[in-house]
1. Between the DSSP loop rule and a limit of at most 11 other Cβ atoms within 10 Å, which trypsin sites (Lys or Arg not before Pro) in segment 112-161 are left?
2. Scanning the chain for helices, which whole DSSP H stretches are 20 Å or more long along the axis (Cα) and average 1.0 or more by Kyte-Doolittle?
3. Treating the beta-carbon of each Lys and Arg as +1 and of each Asp and Glu as -1, no other charges, what is the dipole magnitude of segment 12-104 about its Cα centre, to the nearest 20 debye?
4. Between CYS10 and ALA205, what length in nm is gained on full extension when 0.36 nm per residue of separation is reduced by their alpha carbon distance?
5. Which value, in debye to the nearest 20, gives the size of the charge dipole of the chain about its Cα centre, when Lys and Arg are +1 and Asp and Glu are -1 at the Cβ?
6. How would you rank SER136, SER2, SER53, going from fewest to most other Cβ atoms within 10 Å of each one's own Cβ?
7. Would you mind ranking PHE111, PHE20 by Cβ crowding within 10 Å, fewest neighbours first?
8. What does the convex hull of the Cα atoms of the chain come to per residue, in Å³, rounded to a whole number?
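Bear in mind that the values in this text are calculations on the coordinates, not laboratory data. Remember, predicted model here, so these are calculated numbers, not experimental data. Here the Cβ is made from the backbone with ideal geometry for all residues, glycine too, and neighbour counts use every protein chain on show.
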Amino acid sequence: MSPVYYIGWCFFRLLYAVYFRWRVYHPERVPLTGGVILAANHASFLDPPLVGSGVHRQINYLARASLFTNPALGWLLRKWTAIPVDRDGGGAAGLKAILDRLLAGGAIILFPEGTRTPDGKLQPARSGIGLTVIKSEAVVIPVRTFGTFEAYSRKHRFPLPKPVAVKYGQPMDFKALRSEAKTCTKPRLKEIYQEIADQIMGAIAKLAPCSDD
């Protein structure tokens, strides 16, 4: 971790421990080196730092490109090696930046649902994460957060001191689909993107806060 990132990492760990009484399950499942995609559900603005604070390695976060225009915030985001993306998180430039970080051995948090849930329930996955998985050789770790919707949903003006938790699942194997994607037709390739996204959301849904899964 860079010094600036480490300071932020320690701050969020303290915040989640004291204010939100957090629990972290199986962070050892996240490799400490090499390209990693942390694929998490998205219920709150609390999710990105929660997922990143639970692991002992630097994470590349996604941030709206417009935020980088603010001198102070832009400096901080660059120190944290955040990746600028457009409002929807897509775009060719954003995808290239994500793939470059993964190929360089970085870890990135992605949200298969694409946006925060409006009701606290898991939403259908979008195919974008499937494309990222196919284009990279990164390990995919499903991650589920708990309690963040109750603590800080779209309706809350300020985070409430509710308990939160984060759980990291077992690495997922997409070797077969990655191999098929190299030679399949374009229609089938689109199906593969969605198939991978659905499998990831299925793995996230199976994670329970107090089990050994």
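1. Here the sparse-neighbourhood loop sites are LYS121, LYS155, ARG157.
2. 3-18
3. 220
4. Extra length from CYS10 to ALA205 when fully extended: 67.3 nm.
5. Dipole of the chain, to the nearest 20 debye: 420 debye.
6. Arranged by neighbour count, lowest to highest, SER136, SER2, SER53 become SER2, SER136, SER53.
7. Placing the least packed residue first, the sequence is PHE20, PHE111.
8. About 120 Å³ per residue, rounded to a whole number.
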